[in-house]
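Written out below as structure tokens is the structure these notes cover.
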Amino acid sequence: MEILRYLIDALTPFNLMLALVGVTLGTVIGALPGLSATMAVAILVPFTFSMAPASGLIALGAIYTGAIYGGAFAAILVNTPGTPSSIATTFDGYPMAKRGDGGLAVTLATLASVFGGLVGAIALILLAPPLANVALAFGPSEYFWMAIFGLTLISALSVGNTVKGLVGACLGLLLSTIGVAVVGGDVRYTMDTQMLLGGIDITSALIGLYCIPVVIDLVASKAPHLSILEDARGFRLAEALRIGLKSKFNLVRSSLIGTAVGTLPGAGGSIAGLIAYSEARRSSRHPERFGSGEADGVIATESANNATVGGGFIPTLVLGIPGTPPDAIILGALLVQGIKIGPSLFNEQGEIVYTFMFGLLIATVLMLPVGLILGRYAYKSIVRIPKSLLVPTVAFLTILGSFAIHSNPHDMQMMVLLGVLAWVLQRYGFAPSPIVLGLVLGQIAEQGFVQSYLIGNAQDAVLQMFFGRPLSMAIIGFALLTLFYPLLTSLFGRDRNKAHTEATDTVVKAAQLRYRELPAILFGLLFIGIGVAAYTQTRDMSAMGSVFPGTLSAALVLLSVMLVAMQVGRPTAPRTPDRPGAVKPSAPRRMAVMAVMAVWALCLPVVGFFVTSLLAFLVLTAVATFDRPSLRVAVAYAVVAVVIVGAFQLLMSQVLLMRMPLGLLF
């Protein structure tokens, strides 16, 4: 049989080696914030030109699927999505790690990723042509409502404080409009600087919004950053399998969501993960646990985002329309190899395509042992690293990752700025997750909205364009159900005995909500001013360029007025005496971290990468050291700093051939 022959071709020792090495490299690269799946695939492409077409594609597919999975490591262990696909993994993965279940979270992520990847790969093999036709049925209005569907997750992320969550989402959506408009070409909110012409890079923004607050808070006290209860329990594979079997419906549903979303060009793993997370929470018997370390949250996200790998190849191979940036790079590699993309591909060059598909399936299976081994040692390493080295290392990776995306110092500086703002906002109940959702989904929502409006206006049927298509109505129905589900469950008594819950990092405890929050009032007034200023600037834009930011500005002002009005109507909080013996967080150390990060980002392009990074690494080591180290320990810390910074300098300049900043030194 032809199919068996293709499977045997994929199982040759050389192809197996390529799949294993690709998955391992992809996992390591995906675990480093900023070094995305796109970068991993792009780096490997030139090495595949000398290989047989099927072997080269197996290597690219393996490193792609490994990188998507690898993003879960950073999301779980340091609360930073290694890739945008792992945004929702931080919601429950990091709380699990903080309570000592980091190893379990990594194992669950591994099992879910393998299962989701297998579902996507099998769908690619069996259902490629029919699913591609479904993807063609999606127009701009469907993409707009898909983005809105993703934004309805805010209702789940903002339990008890929905207004602040919606304000954060509006801020994120406004940030996504900075730069050249996706439709119309208007230059918006750049403040006459070239730095903002290209907009805010999503990956560097993710690093700043999620990672910088963690780095700042790590130096607040001497307490361990993660629980060490995990060390003696190993993989906890049996426990993870029991949880997975118990959550089998969540696992299957999320994998199917990921496969379906993956077939939509431009959607990608981030939207799939958010939708799957939202559906998992909506259908759970205990939705209040999501955000505080619920295993189902990790399972839903990781199975969905890995299923998009196989799903994304469906429009790439059948229609020649790449679903994600890595798919676009692999499409280019296919064309270079002389492979003709289209419906006839499976008949004319089936040997290459089906061998690649089976290779992707094998690479997904190999992800299980690779992920379990790397995950076990990754967690133990993170737990055992002293804060004196962990803080500067994580800070260095944030600087490195944000710079490496485009070799642009401006991305790095924007990352630090957004990170400090996120830390300030988070202290007063404005969590980063809604801001990230708005930033990630903003361009998709705007493009779909403006295109739908233009088409509907030309046909004199704007409302019909948005609300008259069956697929749009189905998506709107799911979005409304997700948005109002928390309210419905509370009305029917489902949460009657759950008054004190901590659903996500945006939750503000009920005791705090009864009293007036002066910072919330001040921030509300600030956001009103930002909304008015943003709306005023839309007067100089074209109709196409102004409709989306103008609507967002008005929504931001309205929500901020609601926030202020709600706070003014509450009584002043009584003074609470300090608890005796309580250890106050170290404010000077936090300020020092912010100052060092700012100086680092500003001086790096002037002084040079190695010298600036080494000095900043050593200073942060001193800031994060609470007890005076011995001479031997201090020398060891200095040697580690030189090795880490030097190794990455050589990796970036000599191996990856990246353009490094030409500073005064080096």
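The values are calculated or read from the model by the stated rules, or taken from the named source; none is laboratory data. Please read all numbers here as calculations on a predicted model, not as lab measurements. Quick reminder, even Gly has a Cβ in these numbers, built from the backbone with ideal geometry, and neighbours come from all protein chains shown. Side chains are part of the model used for accessible areas, which takes the heavy atoms of the whole protein and leaves out ligands, DNA and RNA. Shrake-Rupley method; radii C 1.70, N 1.55, O 1.52, S 1.80 Å.
Scanning the range 614-639 for residues that are over 20 Å from Arg590 (Cβ atoms) and either open to solvent by less than 60 Å² (accessible area, probe 1.4 Å) or of a type in the set (Ser, Thr, Tyr) (or both) returns Leu614, Pro629, Ser630, Val633, Ala634, Ala636, Tyr637, Ala638. Just to be sure, is Pro81 open to solvent by 10 Å² or more (accessible area, probe 1.4 Å), within 22 Å of the chain's Cα centre (by Cα) and farther than 16 Å from Leu251 by Cα? Answer is no for this residue. Every listed requirement among (1) modelled with pLDDT of 75 or more; (2) among the β-branched types (Val, Ile, Thr); (3) open to solvent by 20 Å² or more (accessible area, probe 1.4 Å); (4) within 31 Å of the chain's Cα centre (by Cα) is met by Ile43 save one, (1). Just one of the numbered conditions (1) of a type in the set (Gly, Ala, Ser); (2) assigned to a loop (DSSP other than H, G, I, E, B); (3) at pLDDT 90 or above is not true of Ala582: (3). Applying the criterion of being at pLDDT below 85 and among the polar types (S, T, N, Q) to the residues of the range 74-89, the residue that is farthest from Arg384 (Cα to Cα) is Ser85.
Answer with yes or no whether Ile341 is modelled with pLDDT under 80, of a type in the set (A, V, I, L, M), open to solvent by 20 Å² or more (accessible area, probe 1.4 Å) and more than 23 Å from the chain's Cα centre (by Cα).
Answer is yes for this residue.
Taking first residues from the range 474-487 that are within 18 Å of Met146 (Cβ to Cβ) and partners that are of a type in the set (A, V, I, L, M) and modelled with pLDDT of 65 or more, the Cβ contacts under 7 Å between residues at least 6 apart in sequence or on separate chains come to Ile475/Met146; Ala479/Ile148.
Phe290 meets each of the listed conditions (1) open to solvent by less than 10 Å² (accessible area, probe 1.4 Å); (2) at pLDDT 80 or above; (3) under 25 Å from Ile63 (Cα atoms) apart from (3). The number of residues in the range 617-657 being in a helix (DSSP H, G or I), under 30 Å from the mean Cα position of the chain (by Cα) and over 28 Å from Leu25 (Cα atoms) comes to 5. One residue stands out in the range 263-281 among those that are at negative phi and modelled with pLDDT under 80: the one that is surrounded by the most Cβ atoms within 10 Å (Cβ to Cβ), namely Gly269. If Pro369 satisfies every condition in (1) of a type outside the set (A, V, I, L, M, F, W, C); (2) open to solvent by 20 Å² or more (accessible area, probe 1.4 Å); (3) at pLDDT below 85 but one, which is the exception? All conditions pass for Pro369, except number (3). Give me the helices (runs of 4 or more DSSP H) completely within the range 94-204, filtered to those with at least 2 residues that are in contact with an Asp or Glu (Cβ under 6 Å, 6 or more places away or on another chain), basic (Lys, Arg) and modelled with pLDDT of 80 or more, ordered by residue number. Qualifying helices (runs of 4 or more DSSP H): none found. Only one entry of Ala88, Ala97 meets the criterion of being within 17 Å of the chain's Cα centre (by Cα) and open to solvent by less than 10 Å² (accessible area, probe 1.4 Å), and that entry is Ala88.
Would you be able to say whether some residue in the range 649-657 is on the phi < 0 side of the Ramachandran plot, open to solvent by less than 30 Å² (accessible area, probe 1.4 Å) and not small (Gly, Ala, Ser)? So far as the range 649-657 goes, yes, one or more of its residues are on the phi < 0 side of the Ramachandran plot, open to solvent by less than 30 Å² (accessible area, probe 1.4 Å) and not small (Gly, Ala, Ser). Picking from residues in the range 389-400 that are of a type outside the set (A, V, I, L, M) and either on the phi > 0 side of the Ramachandran plot or open to solvent by less than 10 Å² (accessible area, probe 1.4 Å) (or both), the one that is modelled with the lowest pLDDT is Thr398.
Contact map, the range 1-28: residues that are in contact (Cβ under 8 Å) with a residue 40 or more places away in the chain and open to solvent by less than 20 Å² (accessible area, probe 1.4 Å) paired with residues that are acidic (Asp, Glu) and in a helix (DSSP H, G or I), Cβ distance under 8 Å, separation 6+ or inter-chain. Pairs shown: Asn15/Asp9.
Quick one: would you say Thr107 is crowded, with 24+ Cβ neighbours inside 10 Å and under 17 Å from the mean Cα position of the chain (by Cα)? Considered against the rule, which asks whether it is crowded, with 24+ Cβ neighbours inside 10 Å and under 17 Å from the mean Cα position of the chain (by Cα), Thr107 comes out as no.
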